[in-house]
Each structure stands twice: as structure tokens, then as C-alpha cells.
Amino acid sequence: MATSVLYMSMSLDGFIAGPADTPANPGGDGFMRLHDWFIGPDGEFGNVSGPAREVVDEMSDFSAIVAGRNTVEQVDHWGGERNGVQIIVPSHRPPAPSVAKYPKVTYVTDGIVNAMALAKEAAGDGRVLVHGAYTAQTALEAGVLDELQIHQIPVLFGSGRRLFDVLPKRIELEVVKVVDTPEATHLRYRVLR
């Protein structure tokens, strides 16, 4: 069965987006600071070496995506295609008509549990890449998020959008792996149930 894994870069004080996070300013002010670890010396995303290369390879190996509406709309649903996999969007509202041009994008309006089930079915024995703060929070609350891969960046944002702003209950985690680099500490956790 597929494993769902949240992949997020986060400031030390818990922010995944800076202040002024709007469609005109995706990720908010200073957002790219959270992703400097992911940019190689040639300026290319993902073209890193050393221990960070292992992290990039692992997070690039996914068979389906569950991402929140805010996330996918800010990147125009990755043009309707990301690694050729199904993109599932849990949302309280149906998609805009323009999404019809993206056959691999499916909006699920009946909850995170059904969205995750659809993604896990599409992923088979692979991984479901999970993105978005609200999506992560609701998936944790519903018990359908299996792992967290947090890229902890040595910076304090002070404000913006927090990853775990509101959780309804305490959630225990088990450390699975830690990869430390000068740019980020990559922490992988299993959600204990």
C-alpha cells in the first residue's frame, strides 16, 4: 500500500510561507529563503550534491500528489502534469472550469479521507507526495498522513503562514531519519497511531 508523505521546507519558528502570501506573491515575502537548500551552484532547482542529493532523490520518487487548493492554484496545477502522476486536490469547492484542461488533476470535495484514498489507490505501492499547510493539518487530524519530511531551515521568519498552526490534538511522531547539511536539517518522521 502507498505511503503518504508531507514534504515541506519550514523556518525554525514554523513558517512555510512569509508575510504577504497572496496569488500575486506566491509564498510571501522571503519565501525562496526556505528553498535555498534545493538550488544547486548552477541555479537549477534540485541540482544539489552530497547528503542533500539523497533527500532530493527521495522526494522526487512519488506516484501521486495530494496538494491543497491554495498550493495548486498558485502554481497553476503544475501545468496539469508533474512527473506524469495523478494530482488530487481536496477542496470545499468544485474546481474552476479552466481545470478541465488538466486530465490528471482531480478535485475531491468530500473530504481529505477520500482524497487520500484516491491518491493512495493511484500511487499503488509508491509514495503520495503531500503539500500544503491546511491539507497537512486535516490529514493529520483524520489519521491519513503517514510521514512528515520537514526541511528545517536555519532562519526565523517571525511571521507568515505556519505549517502546524492549529492541530486538534497531540500527535506523536517517531524519528525515522535525520540528514544534516549546512543549508538545512532534513527531518523525517513517522506518524504514530
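Each value in this text was obtained by applying a stated rule to the coordinates, not by laboratory testing. The shown structure was predicted, so the numbers you read here are calculated from the model rather than taken from an experiment. Please note: Cβ atoms are built from the backbone with ideal geometry, for glycine as well, and neighbour counts cover all protein chains shown.
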Straight-line reach from Lys169: which lysines have a Cα under 25 Å away, not including same-chain ones fewer than 8 places off? Lys120, Lys177
R0 of 35 Å, Cβ-Cβ distance Asn25-Thr109: FRET efficiency to nearest 0.05: 0.80
Per the Kirkwood definition applied to all pairs of different Cα atoms, how many angstroms is the hydrodynamic radius of the chain? 17.0
Note: region 111-188 at 20 °C, 1.002 mPa s; Kirkwood Rh on alpha carbon pairs; Stokes-Einstein D in µm²/s works out to 150
5 Å is the cut-off here: which amide hydrogens, built 1.01 Å from N in the peptide plane, fall below it relative to Arg161, excluding neighbours closer than 5 in sequence? Ile16, Ala17, Gly18
With θ set to phi - 60° and the Karplus curve 6.51 cos²θ - 1.76 cosθ + 1.60, what are the ³J(HN,Hα) couplings of region 155-168 in order, to the nearest whole Hz, using x for Gly and Pro? 8, 10, 7, x, 7, x, 10, 7, 6, 10, 5, 9, 10, x
Computed FRET efficiency, Cβ-Cβ of Ala96 and Asp13, R0 30 Å: what is it to the nearest 0.05? 0.35
Within region 1-17, whose backbone N sits under 15 Å from a point 7 Å along Cα→Cβ of Asp125? 1-3
For Ala96, what charge total do you get from the other residues with a beta carbon under 13 Å from its beta carbon, if Lys and Arg give +1 and Asp and Glu give -1? +1
Which far-off residues, 5 or more places away or on another chain, put their amide H under 5 Å from the one on His131, with H placed in the peptide plane? Val66, Ala67, Gly68
Gain in length, Leu192 to Val175, computed as 0.36 nm per residue apart minus the alpha-carbon separation, to one decimal in nm? 5.1 nm
Just from its helices, what would the mean residue ellipticity at 222 nm be for the chain, if runs of 4 or more DSSP H residues each count -39500 (n - 2.57) and the sum is divided by every residue, rounded to the nearest 500 deg cm²/dmol? -5500 deg cm²/dmol
Under a straight-distance cross-link criterion of Cα-Cα below 18 Å, which aspartates and glutamates are reachable from Lys104, leaving out those fewer than 8 residues away in the same chain? Asp61, Glu73, Asp76, Glu81, Glu121
May I ask you to order 91-99, 25-33 by the average number of other C-beta atoms within 10 Å around their residues, highest value first? 25-33, 91-99
Counting other Cβ atoms within 10 Å of each Cβ, which trypsin sites (Lys or Arg not before Pro) in region 77-181 have at most 13 and sit in a DSSP loop? Lys169, Arg170
Derived scalar couplings ³J(HN,Hα) [region 184-193; Karplus, 6.51 cos²θ - 1.76 cosθ + 1.60; whole Hz; x for Gly, Pro]: 6, 10, 9, 10, 10, 10, 9, 7, 8, 10
